[in-house]
Amino acid sequence: MRWVWQQPGWADFRFDKSALEDRELAFRINSERLAGSVDALPRASQEDATIDLMLSEAIKTSAIEGEELDRESVRSSLLSLITSDTLPDNSDQKAAGAAMLLVDVRKNWRSSLSHDLLGKWQSMAIPEQRYTPILRGAYRNDPSPMQIVSGPYGREKVHYEAPPAARVPDEMAKLIEWYNQTSPLSGDKIISGIARAGIAHLWFEVIHPFDDGNGRVGRAIADHALSQSLGYPTMACLATAIEGDKKSYYLQLEKASRESMDVNVWLDYFADTIIKAQEIAREEVDFVLAKTRFYEAYGDQLNERQARMVSRVFAEGRRGFEGGITTRKYEAITKCPNRTASRDLSDLVAKGIIIPLPGGGRTTRYELTIVEPARSGPGKN
C-alpha cells in the first residue's frame with residue numbers, strides 16, 4: 001500500500017475553498033459572540049470561564065489518547081499558571097504538563113512555528129519518566145517503522161505507517177515553512193483559518209515526528225492556527241468535540257493518510273468538528289453564567305457545609321453532578337453525620353436552592369435550582 005506521503009506531489013494539498021466558506025464565516029461570527037459573552041462577565045467569572053474551557057480541553061485531549069487525568073489536579077495547575085505563572089507545589093506531573101501545554105499555546109498564539117516550539121510542546125505533553133526510551137523535545141530517531149496498529153499479537157492490523165525517522169527533519173522543515181508562509185500574521189501565501197488549521201493538523205499527524213505525544217501536539221497546532229486566523233486565542237473546544245466521537249476522528253485521519261492530495265473530505269469533517277467545538281464552548285460559557293447567577297442569588301444563604309457541597313457540584317462542570325445530590329453524598333462531601341446532612345438538605349429545599357428530582361425511588365435525589373437571567377420589564381433598562 002502507498003501511504004499519502006508516498007504519493008506523487010506529496011504535501012501539495014488540494015481543496016475547494018468555496019466548500020468551506022459558510023463554515024469559515026460561522027466560525028468567525030461564533031468566535032466574536034463567544035468573546036463578547038466572556039468579556040461581559042465579571043472579572044472573576046471571566047477567569048472561571050477561561051479555566052473551565054481549558055480544563056475541558058486538557059482532560060479531553062489526553063482522553064483521546066486513552067489517558068485519564070485528575071480533574072482537580074488539572075484545575076489547580078491551570079489556576080496557578082494563569083494567576084501566578086507557576087505550578088502548585090507537588091503538582092501531578094501529567095496534569096501539570098497538560099495544563100502547561102494549553103496555557104503555552106494560548107500565550108504564544110502570535111509566535112511562528114519552529115522546531116524548538118514544537119519540541120517544547122511535546123515535552124509538556126509527555127512528562128519526564130524514568131527508565132523509558134521515549135525522546136522528549138526531539139524528533140524520533142529509531143530506524144524501525146513508526147506504525148499505528150491494533151489487534152492481537154501476530155494478527156495486528158496496520159492502520160498507518162509514518163515516514164522513516166531519517167526523513168522527519170526535512171519533512172518537518174517543509175511543514176513549518178508552509179505554516180509560517182500561510183500565517184495571516186506574517187505570511188505572504190495566506191489561506192483561510194479552518195483550512196490552514198485542518199491541513200496543518202493532518203500534515204503533522206502524517207509525519208508523526210515524535211516518539212509520543214503527536215496527537216496532543218497536533219491538536220495544539222490546530223488551536224494555534226485557529227487563534228492566528230482570529231487575531232486572539234480561540235475558545236473552541238476542539239479536543240472536547242473530537243473526544244465526543246473519537247472513532248470518527250481516527251477513521252477520517254486513517255482515510256486521509258491513505259488517499260491522494262485531495263483533502264476535501266478531511267476538511268469537511270474538520271470544519272464540522274470546529275463548529276461543534278464552538279457549540280461546546282458556548283455551553284461552557286453559559287454554565288459559568290449560570291453559576292454566577294446562582295451565587296448572586298443564593299451565595300449568602302449557604303452555611304459552610306452547604307457551600308462546600310455546592311462548590312463540589314459545580315466542579316463537575318456543564319455535564320452536572322452524576323446521579324444528583326443525595327444525603328449519603330452530602331455526608332461524604334461535607335464529612336458530617338446523617339442527621340446534619342438531612343437538616344442541611346431540608347433547609348436548602350425550603351429556601352428553593354435545591355429541588356427534588358423525579359423518580360428517586362427510596363433515595364431522594366436533588367439538583368441545584370437554575371437561576372434564570374433577569375428580564376427587563378417595561379420602563380427598565
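Nothing in this text is a laboratory measurement; each read-out follows from the coordinates by a stated rule. The structure displayed is predicted, hence computed values, not measured ones. Positions of Cβ are backbone-derived with ideal geometry, glycine not excepted, and every protein chain shown enters the neighbour counts.
Neighbours of L25 by Cβ distance under 15 Å: Lys/Arg scored +1, Asp/Glu scored -1, total -1.
Packing-based ranking of 27-34, 336-343 yields 27-34, 336-343, ordered from highest to lowest mean Cβ neighbour count within 10 Å. Under Stokes-Einstein, with the Kirkwood radius over Cα pairs as Rh, the value for the range 302-368 at 37 °C and 0.692 mPa s is 276 µm²/s.
Here the range 302-368 is treated with +1 on each Lys and Arg Cβ and -1 on each Asp and Glu Cβ, and its dipole about the Cα centre works out to around 120 debye. Against the longest alpha carbon principal axis of the chain, how many degrees, from 0 to 90 and to the nearest 10, is the axis of helix 193-207 turned? Computed tilt is about 60 degrees.
Translational diffusion coefficient of the chain (Stokes-Einstein, Kirkwood radius from Cα pairs, 25 °C, 0.890 mPa s): 107 µm²/s. Between the listed residues G154, A138, A173, the Cα displaced farthest toward the positive end of the dipole of the range 138-180, a dipole computed from Cβ unit charges relative to the Cα centre, is found at G154.
The distance from the alpha carbon centre of the range 7-63 to that of the range 67-129 is 19 Å, rounded to a whole number. Remark: relative contact order (the chain) = 19 percent; criterion is Cα-Cα distance under 8 angstrom and separation of 6 or more residues. For the chain, the longest principal axis of the C-alpha atoms and the axis of helix 71-84 are separated by about 80°.
In this Cβ point-charge picture (+1 for Lys and Arg, -1 for Asp and Glu), the chain has a dipole of about 920 debye about its Cα centre.
Is the range 1-131 rounded, prolate or oblate when judged by the Cα gyration tensor, a ≥ b ≥ c being the square roots of its eigenvalues, rounded requiring a/c under 1.5 and prolate requiring a/b larger than b/c? Cα axes put the range 1-131 in the oblate bin. Note on K351 and Q7: the extension gain reaches 117.0 nm, defined as 0.36 nm multiplied by sequence separation minus the Cα-Cα distance. Mean residue ellipticity at 222 nm, helices only, the chain: -18500 deg cm²/dmol; runs of at least 4 DSSP H residues each add -39,500 (n - 2.57), and the sum is divided by the number of residues. Simple rule: put +1 on each Lys or Arg Cβ and -1 on each Asp or Glu Cβ in the range 302-368, find the dipole, and look at I353, Y366, T326; the Cα lying farthest toward the positive end is T326. Against the chain, whose longest principal axis comes from its Cα atoms, helix 168-181 is set at around 70 degrees. Within straight-line reach of K329, meaning a Cα separation under 13 Å, sit the following aspartates and glutamates at least 8 residues removed in sequence or on another chain: D344, E367. Which residues does the label zone of D272 cover in the range 197-220, counting backbone N under 11 Å from a point 7 Å along Cα→Cβ? Under 11 Å, as judged by backbone N against the label point of D272, lies no residue of the range 197-220.
Measuring against 18 Å, Cα to Cα, the residue pairs K17/K107; K255/K276; K60/K276; K247/K276; K94/K246 contain K17/K107; K255/K276; K94/K246 as the ones spanning a longer distance.
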